[in-house]
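Trainee: So that we are looking at the same thing, I have put the structure below in structure tokens.
The values are calculated or read from the model by the stated rules, or taken from the named source; none is laboratory data. Just so it is clear, the structure is predicted and the values come from calculations on it, not from any experiment. Cβ atoms come from the backbone with ideal geometry, glycine included; neighbour counts cover every protein chain shown. What goes into the accessible areas is simple: the full protein's heavy atoms, side chains included, and nothing from ligands, DNA or RNA. Shrake-Rupley method; radii C 1.70, N 1.55, O 1.52, S 1.80 Å.
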Amino acid sequence: MLCGIDEAGRGPIAGPLVVAGVVLLEEIDGLNDSKILSEKKREILFDEIKNKSKYHIVFTSAKTIDEKGLSYCLRNSIMEIMQNLEVHCDDFLMDGNTTFKIANLKCKIKADATVPQVSAASILAKVSRDRYMCKISSRYSNYAFDKHKGYGTKTHIEAIKKFGRSDEHRVTFKLKALNEEINNDLTAQMIIKF
């Protein structure tokens with residue numbers, strides 16, 4: 001059996017990275033890349049996927065992303081998923097173009113739109129992350145996380161200009177809109193070699 005793996009939250013400037021792995025136990029109609037499905041459709045499929053699969057979801061905080069780097073966090077999440085789901089499958093497939101030098105992991109570009117297990121992982125990761133951002137939105141009411149989910153929209157950038165970053169923001173993600181310069185020393189430290 002195949003375990004599909006995908007992430008949500010690689011590019012936002014606030015909120016966690018969420019990586020999901022899914023081994024489908026039954027066929028599910030309507031699976032696709034989570035980004036092209038409506039929110040309503042994703043929510044419906046989310047529960048069906050959880051009921052018809054073995055799955056594992058990993059959250060990594062903005063603070064950890066700042067401390068360890070995005071590649072390290074992605075790799076760690078994938079390894080955790082593989083350790084938790086290896087008893088249920090023989091193959092692991094990650095959406096994208098890199099295996100992060102992980103043994104027994106394959107990758108495929110656009111797998112989230114073409115491989116049901118990866119589509120399912122895409123949906124679990126996105127819905128889990130979106131729900132988290134909506135849940136914390138009232139605690140961080142200045143930022144409207146429920147609207148943009150931490151991505152760098154104009155409204156979000158304006159809120160950062162006015163209120164600064166919260167502890168849900170990634171401080172190592174520099175913003176041209178704020179005229180922030182990338183600290184080359186810090187960037188060099190963030191590059192993790194495997």
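Trainee: Looking at Ser53, Ser38 in this structure, which one is open to solvent by 50 Å² or more (accessible area, probe 1.4 Å), out of contact with any Phe, Trp or Tyr (no Cβ under 7 Å at 6 or more places or on another chain) and among the hydroxyl-bearing types (Ser, Thr, Tyr)? Outline the logic, then answer.
Mentor: Numbers: Ser53 fails: open to solvent by 50 Å² or more (accessible area, probe 1.4 Å).
Of Ser53, Ser38, the one residue that is open to solvent by 50 Å² or more (accessible area, probe 1.4 Å), out of contact with any Phe, Trp or Tyr (no Cβ under 7 Å at 6 or more places or on another chain) and among the hydroxyl-bearing types (Ser, Thr, Tyr) is Ser38.
Trainee: Pick from Glu67, Glu48, Glu27, Glu86: which is within 30 Å of Arg165 (Cα to Cα), open to solvent by 10 Å² or more (accessible area, probe 1.4 Å) and either modelled with pLDDT of 95 or more or not in a loop (DSSP other than H, G, I, E, B) (or both)?
Mentor: None of the other options fit; the residue is Glu67.
Trainee: Would you point out the residue of segment 56-95, among those that are without any contact (Cβ under 8 Å) to a residue 40 or more places away in the chain and over 22 Å from Leu25 (Cβ atoms), that is farthest from the chain's Cα centre (by Cα)?
Mentor: Only one residue fits best here, namely Glu67.
Trainee: Further, regarding this structure: Which pairs turn up if I take residues in segment 1-23 that are outside any loop (DSSP other than H, G, I, E, B) and open to solvent by 10 Å² or more (accessible area, probe 1.4 Å) and look for partners that are at pLDDT 95 or above and among the small types (Gly, Ala, Ser) with beta carbon separation below 7 Å, at least 6 apart in sequence or on another chain?
Mentor: The qualifying pairs are Glu7/Ala125; Ala8/Ala125.
Trainee: Hey, among the residues in segment 149-167 that are touching a helix residue (DSSP H, G or I) at 6+ places or on another chain (Cβ under 6 Å) and farther than 16 Å from Val18 by Cβ, which one's least open to solvent (accessible area, probe 1.4 Å)?
Mentor: Keep residues of segment 149-167 that are touching a helix residue (DSSP H, G or I) at 6+ places or on another chain (Cβ under 6 Å), which gives 149-150, 156-157.
Then drop every residue that is not farther than 16 Å from Val18 by Cβ, which leaves 156-157.
Numbers: His156: 0, Ile157: 18 Å².
This residue is His156.
Trainee: Kindly evaluate Ala120 against the criterion of being open to solvent by less than 70 Å² (accessible area, probe 1.4 Å), touching a strand residue (DSSP E or B) at 6+ places or on another chain (Cβ under 7 Å), of a type outside the set (D, E, K, R) and in a helix (DSSP H, G or I).
Mentor: Working: open to solvent by less than 70 Å² (accessible area, probe 1.4 Å): yes; touching a strand residue (DSSP E or B) at 6+ places or on another chain (Cβ under 7 Å): yes; of a type outside the set (D, E, K, R): yes; in a helix (DSSP H, G or I): yes.
Yes: the conditions hold for Ala120.
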